[in-house]
Amino acid sequence: MTNKKIIIISVIAASIFGSFIIFRYDHILKQSQVFSKRPWVNNSSAQTFSEAELLKLGWAEGDIQRKDSVVSYLNYPALKDQGTIRVGIFGGSRLLRGGANNGASYDFPALLQNRFKESGIGNVEILNFGASAYGFFQEYMLWDLLGKKYNLDYVVLTLNNIKWERDQSFFYIKESFYMHARYIVKNNQLTLIPVEGKTRSEAFRIYNRIVPPLRYILYDWNMPMFLKIFLPESLHNRANPFYYGRFMTKEKELIPIYSFILNDMSKKVKNLIVLTKDGSIGELQKRVDPSSIYFYATQEVKYLNYFMLREPRNLNGQYHVNRLGNKIVADELFSLLTGDVKPKLDCIKLSYDTSSNTYGNNGTNSPLSYYKDIYIKYGIHPLAYFTTFSGELFFRKRNTGKSDRSAAIWSLLMLPMIEWTDPVFIPMDRQLKNNEDIFFSFEKDKKGTKIPIGMVESSTGVFGQILLNSKTILLSYKDGEKNVKLVINDEALLSSIRGSDNFCIMIGDKKVLVTDRCFTHKILRKAMPNFCGKMASVELTLKPTISEYAYLSSKEEYFLDDKLFPANENKLDLVLSNGGQEVRYPAFLCKFVQADTVPFDKIYHPRITKPRI
């Protein structure tokens, strides 16, 4: 082959390769929607910060936050009145949720402000320094750039509600081009790694170069562009193989950095409170001066698992609490700040309404999936609707008026309720029969066996619950987890079903929940012959034979307030409607109870009390 041909082939190959890189690069940028701004990130923050400060911080809430929270720091002057006690709360979007109505806002800092006023402590100002999608680094930066100017007597950092992975990247929010600096520990010192560029738009373009600067390759968990170009999109969320902390857990990497931040703040803040989770408290306390920082593992998360207290889950199973849930959060922090022995929380408790059908309905003549609107209501107030685990509408409809699911759904059967945990429902393709037997079923040597474990309780045929009478075969689920487990905790029973298959839960002669066949075969065919004598229990994943599990979700626009439920016990109904007359069935009983909380590790000091006159 002549040199001329080699040159021509090389030029063609280089052109094809270059075109491929340009095409993939452009495609990735468009797919990530990086050129669209999120509506809450607005230029009004430029009135408070310089461009250099925004390059460090990334973004800050502006006029939108001022409207959403009456206690936004934007509504307060930097100087405070004599005798005023200021509490600044820093965190992410959790501080902004709850909505506003008639001039009042229901984010938890605003509700905390109301709590002080109702208690006669009128000299306290709560300032909301929350910003959407913040990490802990940005909480610290916002305090350092702005919070110090407000002469705060108490600083509350909400480490408990922060996604730690936000601090492992310069570019967490994929729907905007705003970036932020990050910290590392280098030579036993807290070191800031700034973004590169003179403006935020320039910094964004530098970050998204095909070959970005070395600081992003080393200190950003996200995969660099030159790898994304050559890898399928399904792998783009994998960790950056060049990341300096790739062999460490998030906690092992970030807790040392957080401890440097907290030690710095503790020297400059009068009273520093860190709300965190149980797992991270011990390691943080070892690295900081515990006499200058008050750590508290919040208990509110245990009591926020009901649909009435939170907004719908996202695709990752995560959620924000609503205004009613925010009241619990505010009450817990109020108890801490005022020196109570333990949190005083008025929490919602749900139970199944066993009353007979008092609405004159003898069962609907149409499946539930036929109706346009299916709600849980209190009187005229909608409280929740049915969703999948990921928050999508469960009862979706087409223009034909038929459900787009594989089978018509006639009733909803609730799994046994677990205290402080959202109910889970099995969709049924027929109406329920009260007192119908429920069985645990399996096959062994091609022979079927059914063990009675409980019965159906339903006064309406449309809505009911499972009553278990077995202590050795249970149905279990946890908040935030999609799977429902069949738990067998009896050694004799485990031994008797060794080698069996086709495990399921039956109502009458119909299978309603089945186990994963491969998983069941592996556990009970292979593991049990060798280990059955030592196994105290087995958990098997269950799935409905029709559709998927249904859950309840509330919406921010549903005005939920503790004053909405005046009675000690309130009836919540299942309501079916096609835009006209409603069909109602009893569903739940709801009441407020004082939660049996755990005392604080130590009573907080200095506590906030009524001012002396």
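The values are calculated or read from the model by the stated rules, or taken from the named source; none is laboratory data. Here the structure is a predicted model, which means the values were calculated and not measured. FYI the Cβ positions are ideal-geometry reconstructions off the backbone, even for glycines, and counts take in every protein chain you see. To get the accessible areas, we keep the full protein, side chains included, count just its heavy atoms, and leave off ligands, DNA and RNA. Shrake-Rupley method; radii C 1.70, N 1.55, O 1.52, S 1.80 Å.
Can you work out the base-10 log of I(q)/I(0) for the stretch 72-166 at q = 0.14, 0.16, 0.23 1/Å, using the Debye formula on its C-alpha atoms alone? Computed log10 I(q)/I(0) values: -0.51, -0.66, -1.25.
A P(r) calculated from all alpha carbon pairs of the stretch 189-330, with 10 Å bins opening at zero, reads 9, 24, 27, 31, 9, 0 percent.
Here the extension length gained between Arg287 and Val341 equals 16.8 nm, from 0.36 nm per residue of separation less the Cα-Cα distance. With the simple spin-label model, which puts each label point 7 Å out from Cα in the Cβ direction, the Leu493 to Tyr76 separation comes to 5.6 nm. Residue pairs exceeding 20 angstrom between C-alpha atoms, taken from Lys198/Lys228; Lys149/Lys602; Lys149/Lys270; Lys250/Lys286; Lys450/Lys471; Lys186/Lys250: Lys198/Lys228; Lys149/Lys602.
The solvent-accessible area of Glu251, taken with every protein chain present and a 1.4 Å probe, is close to 90 Å². Computed from label points 7 Å out along Cα-Cβ, the spacing between Ser119 and Asn237 is 4.1 nm. With viscosity 1.567 mPa s and temperature 4 °C, the Kirkwood radius over alpha carbon pairs of the stretch 83-136 converts through Stokes-Einstein to a diffusion coefficient of 110 µm²/s.
An ellipsoid equivalent to the stretch 201-244, defined through the eigenvalues of its Cα gyration tensor, has semi-axes of 17, 13, 8 Å when rounded to whole angstrom and sorted largest first.
What is the percent of Cα-Cα separations in the stretch 421-503 that go past 18 Å? Walk me through the numbers before you get to the answer.
On the way: 1808 of 3403 pairs.
More than 18 Å apart: 53 percent of the Cα pairs in the stretch 421-503.
Using the Cβ-Cβ distance between Asn187 and Gln31 with R0 set to 25 Å, the FRET efficiency works out to roughly 0.05.
Count the net charge of all other residues whose Cβ sits under 14 Å from the Cβ of Ile229, scoring Lys and Arg as +1 and Asp and Glu as -1.
Value of the local net charge: +2.
Computed log10 I(q)/I(0) for the stretch 142-219 at 0.12, 0.21, 0.22, 0.25 Å⁻¹: -0.45, -1.12, -1.17, -1.27, from the Debye equation with unit scatterers placed on every C-alpha and solvent omitted.
Determine the gain in length on full extension of the stretch Ala14-Thr2; use 0.36 nm per residue of separation and subtract their C-alpha separation, reporting nm with one decimal.
On the way: separation 12, 0.36 × 12 = 4.32 nm, distance 1.83 nm.
So the chain would gain 2.5 nm between Ala14 and Thr2.
Sorting Lys148, Lys252, Lys510 by accessible area (1.4 Å probe), largest first, what list results? Don't skip to the end; give the middle numbers.
Values: Lys148 100, Lys252 135, Lys510 70 Å².
Largest accessible area first, the residues go Lys252, Lys148, Lys510.
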